[in-house]
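Trainee: Quick one: the structure is below, and I'll ask about it shortly.
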Amino acid sequence: MDQFIIKGKKPLQGQVGISGAKNAALAILSASILCHDTCVIENIPNVNDVRVLLKSMENLGAKIDYIDQDKVRINSKEIKDYRVNYDFIKKIRASYYLLGALLGRFSNAQVALPGGCNIGNRPIDQHIKGFEALGAAVKVEHGMIHASTSGLKGANIYLDVVSVGATINIMLAATMAEGTTVIENPAKEPHIVDVANFLNSMGADIKGAGTDIIRINGVNKLHGTEYMIIPDQIEAGTYMIAAAITGGDITINNIIPKHMEAISAKLTEIGVAIEEYDEALRVLVNKPLKSIHLKTLPYPGFPTDMQPQVTTLLSMIKGTSIITESIFENRFMYTDELSRMGANIKVEGNTAIIEGISNLSGAEVSAPDLRAGAALILAGLGAEGETIVNNIQYIDRGYEHIEEKLRALGADIVRVSEKPDKKIFKVV
Ligand code: UD1
């Protein structure tokens with residue numbers, strides 16, 4: 001297993017480029033299955049979850065060529081099978097997007113129940129409710145979800161909880177349904193809009209993505225397209241915190257500042273200085289930082305995927321901060337690891353009470369999931385001494401070349417392969 005070894009307290013300086021959004025990429029790549037022609041998709045992040053999804057699509061029969069490191073050509077014409085192999089897909093949450101896409105294309109889908117990060121109970125009842133409303137029969141057996149229909153028909157679907165996954169999955173299936181589907185109370189995240197734009201570029205008829213009501217007029221056929229995925233809001237936010245936690249000065253390029261508003265607003269409240277440009281943000285610390293209260297919410301609220309990173313920053317700012325996690329009930333597990341570095345965080349239910357201290361001290365810690373893993377890297381960057389982060393396969397699921405990007409900003413971070421009796425330093 002690889003580890004990161006970090007020597008902290010180096011103020012990060014310089015420029016960093018943000019990769020394409022992982023969560024948009026996973027949905028858009030799955031959506032390409034709906035069409036028989038060739039799709040060229042650009043700005044694909046080179047992260048493990050995406051590689052796993054592409055492999056599983058190849059296994060179904062899709063033809064996938066990398067034109068460039070971040071650009072793929074996909075032709076799904078030859079896909080004949082609607083059963084997704086469990087071994088390919090068990091590790092990634094977004095495997096469920098293949099359900100909506102295969103159901104739309106073949107009126108049949110069989111996909112293993114999703115895996116992904118262990119951040120609490122992650123039901124898919126709203127996905128199932130949506131498919132059933134569209135006329136599919138859905139059953140869960142032996143860890144597989146089976147959905148089938150003699151023909152999808154448009155319907156009015158009210159989501160009982162605001163769910164990113166269910167909104168996208170229903171959009172995918174409804175694109176090929178007969179008639180009009182209306183999704184009420186949908187999620188509004190930037191990648192919902194990105195997926196709708198992608199589908200529309202293939203000939204779908206979707207209006208209202210990003211608002212309170214999405215209207216989908218079903219079509220019979222989609223055509224090939226060329227599409228560029230939006231930048232990753234969460235990767236960008238993570239580098240914003242890297243600047244703040246090291247007292248640095250970073251310009252974060254290739255982003256859409258509008259997508260960053262909730263994160264920028266809370267960092268500004270903390271006292272971090274942020275300068276906004278057309279496609280970049282400069283983030284620097286020029287005054288003492290202060291504690292805040294924060295609650296995670298669906299977009300346009302503060303994203304749950306940034307909660308561990310901001311909690312880590314607040315653990316190093318004097319005063320009492322209170323974080324309420326309203327999306328996933330089990331998303332404070334990493335605070336035990338931060339405590340090993342000296343952080344003073346008390347978790348009560350879905351609330352964390354942080355008594356900020358002036359310095360974390362380096363320690364050996366273990367990433368419990370993707371975003372918490374990134375938070376532990378941030379803790380190491382801000383801490384005194386050496387931090388070793390284990391279980392970094394979680395971080396590789398969603399951050400492209402994180403150690404290289406951080407090193408280019410002046411961080412002292414290396415990836416090592418741990419062997420039973422020696423560590424081999426890797427140059428990547
Ligand atoms: C997606 C993101 C994840 C992010 C999350 C919230 C991907 C691959 N993952 O996950 O990084 O943290 O959005 O922004 O894009 N829920 C139900 N029933 C359902 C579906 C969801 O009760 O059928 C609940 C969940 O338990 C959770 C809330 O709704 O409490 C939001 O979940 P959802 O938006 O669906 O998250 P994911 O799509 O799994």
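The values are calculated or read from the model by the stated rules, or taken from the named source; none is laboratory data. What you see is a predicted model; the values in this text were computed from it and never measured. Cβ sites come from the backbone with ideal geometry, for glycine too, and all protein chains shown count toward neighbours. Quick note on the areas: whole protein, heavy atoms, side chains included, nothing else; ligands and nucleic acids left out. Shrake-Rupley method; radii C 1.70, N 1.55, O 1.52, S 1.80 Å.
Trainee: Specify the residue that is nearest to the ligand (Cβ to nearest atom); the eligible residues are those in the stretch 357-369 that are under 22 Å from the mean Cα position of the chain (by Cα) and open to solvent by 10 Å² or more (accessible area, probe 1.4 Å). Can you show your working first?
Mentor: Step one: list which residues in the stretch 357-369 are under 22 Å from the mean Cα position of the chain (by Cα), which gives 366-369.
So of that shortlist, the ones also open to solvent by 10 Å² or more (accessible area, probe 1.4 Å) come out as 366, 368.
Working: 366: 20, 368: 14 Å.
The residue in question is 368.
Trainee: Moving on to the next point. Out of the residues in the stretch 222-243 that are open to solvent by 20 Å² or more (accessible area, probe 1.4 Å) and part of a loop (DSSP other than H, G, I, E, B), state the one that is nearest to residue 16 (Cα to Cα).
Mentor: Going through the qualifying residues, I end up with 230.
Trainee: Considering only the stretch 165-190, state which residues are more than 14 Å from the ligand (Cβ to nearest atom), among the hydroxyl-bearing types (Ser, Thr, Tyr) and either buried (at least 24 other Cβ atoms within 10 Å of the Cβ) or in a helix (DSSP H, G or I) (or both).
Mentor: Across the stretch 165-190, the qualifying residues are 175, 181.
Trainee: Further, regarding this structure: Filter the stretch 35-54 down to residues that are charged (D, E, K, R) and under 24 Å from the mean Cα position of the chain (by Cα) and give me whichever is most open to solvent (accessible area, probe 1.4 Å). Walk me through how you get there before you give the answer.
Mentor: At the first step, the residues of the stretch 35-54 found to be charged (D, E, K, R) are 37, 42, 49, 51.
Filter once more, so that each one left must be under 24 Å from the mean Cα position of the chain (by Cα): 42, 49, 51.
Working: 42: 58, 49: 4, 51: 98 Å².
Out of the qualifying residues, it is 51.
For (1) surrounded by fewer than 22 Cβ atoms within 10 Å (Cβ to Cβ); (2) within 11 Å of the ligand (Cβ to nearest atom), each residue gets a yes or a no:
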| residue | (1), (2) |
| --- | --- |
| 301 | yes, yes |
| 316 | no, no |
| 319 | yes, no |
| 332 | no, no |
| 343 | no, no |
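Trainee: Take residues that are buried (at least 18 other Cβ atoms within 10 Å of the Cβ) and over 19 Å from the mean Cα position of the chain (by Cα) and tell me which of the strands (runs of 3 or more DSSP E) falling wholly in the stretch 55-160 contain 1 or more.
Mentor: Numbers: elements: 63-68, 71-75, 108-112, 137-141, 144-148, 156-158.
Once the strands (runs of 3 or more DSSP E) in the stretch 55-160 are filtered for at least 1 residues that are buried (at least 18 other Cβ atoms within 10 Å of the Cβ) and over 19 Å from the mean Cα position of the chain (by Cα), what remains is 71-75, 108-112, 137-141, 144-148, 156-158.
Trainee: Condition (residue is within 16 Å of the ligand (Cβ to nearest atom), charged (D, E, K, R), within 19 Å of residue 311 (Cβ to Cβ) and in the same structural domain as residue 319 (by TED's automatic domain parsing)) applied to the stretch 370-379: is it met by at least one residue? Break it down stepwise before answering.
Mentor: Quick first cut of the stretch 370-379, residues within 16 Å of the ligand (Cβ to nearest atom) only: 370-375.
In the following step, the residues that additionally are charged (D, E, K, R) were identified as 371.
Then keep just the ones that are within 19 Å of residue 311 (Cβ to Cβ); that gives 371.
Among the residues that remain, those that are also in the same structural domain as residue 319 (by TED's automatic domain parsing) are: 371.
Yes.
Trainee: Before we move on, is residue 246 under 28 Å from residue 405 (Cα atoms), open to solvent by less than 30 Å² (accessible area, probe 1.4 Å), assigned by TED's automatic domain parsing to the domain that holds residue 382 and within 16 Å of the ligand (Cβ to nearest atom)?
Mentor: On the way: under 28 Å from residue 405 (Cα atoms): yes; open to solvent by less than 30 Å² (accessible area, probe 1.4 Å): yes; assigned by TED's automatic domain parsing to the domain that holds residue 382: yes; within 16 Å of the ligand (Cβ to nearest atom): no.
It is false that residue 246 is under 28 Å from residue 405 (Cα atoms), open to solvent by less than 30 Å² (accessible area, probe 1.4 Å), assigned by TED's automatic domain parsing to the domain that holds residue 382 and within 16 Å of the ligand (Cβ to nearest atom).
Trainee: Looking at this structure, is residue 166 at pLDDT 95 or above, under 19 Å from residue 114 (Cα atoms), in the same structural domain as residue 100 (by TED's automatic domain parsing) and not hydroxyl-bearing (Ser, Thr, Tyr)? Don't jump to the end; show me each part of the working.
Mentor: Working: at pLDDT 95 or above: yes; under 19 Å from residue 114 (Cα atoms): yes; in the same structural domain as residue 100 (by TED's automatic domain parsing): yes; not hydroxyl-bearing (Ser, Thr, Tyr): yes.
Spelling it out, residue 166 is indeed at pLDDT 95 or above, under 19 Å from residue 114 (Cα atoms), in the same structural domain as residue 100 (by TED's automatic domain parsing) and not hydroxyl-bearing (Ser, Thr, Tyr).
Trainee: Restricting attention to the stretch 256-279, report how many residues are outside any helix (DSSP H, G or I) and either open to solvent by 10 Å² or more (accessible area, probe 1.4 Å) or free of Cβ contacts under 8 Å to residues at least 24 places away in the same chain (or both). If you could, list the steps in order and put the result at the bottom.
Mentor: Going through the stretch 256-279, the residues outside any helix (DSSP H, G or I) turn out to be 256, 271-279.
So of that shortlist, the ones also either open to solvent by 10 Å² or more (accessible area, probe 1.4 Å) or free of Cβ contacts under 8 Å to residues at least 24 places away in the same chain (or both) come out as 256, 271, 273-279.
The qualifying residues number 9.
Trainee: Hand me the list of strands (runs of 3 or more DSSP E) wholly inside the stretch 311-428 holding 2 or more residues that are under 30 Å from residue 161 (Cα atoms). Break it down stepwise before answering.
Mentor: On the way: elements: 319-324, 344-348, 351-356, 364-366, 386-390, 412-418, 423-425.
Qualifying strands (runs of 3 or more DSSP E): 319-324, 344-348, 351-356.
Trainee: Considering only residues of the stretch 107-124 that are at pLDDT 85 or above and of a type in the set (Gly, Ala, Ser), which is nearest to the ligand (Cβ to nearest atom)?
Mentor: This residue is 109.
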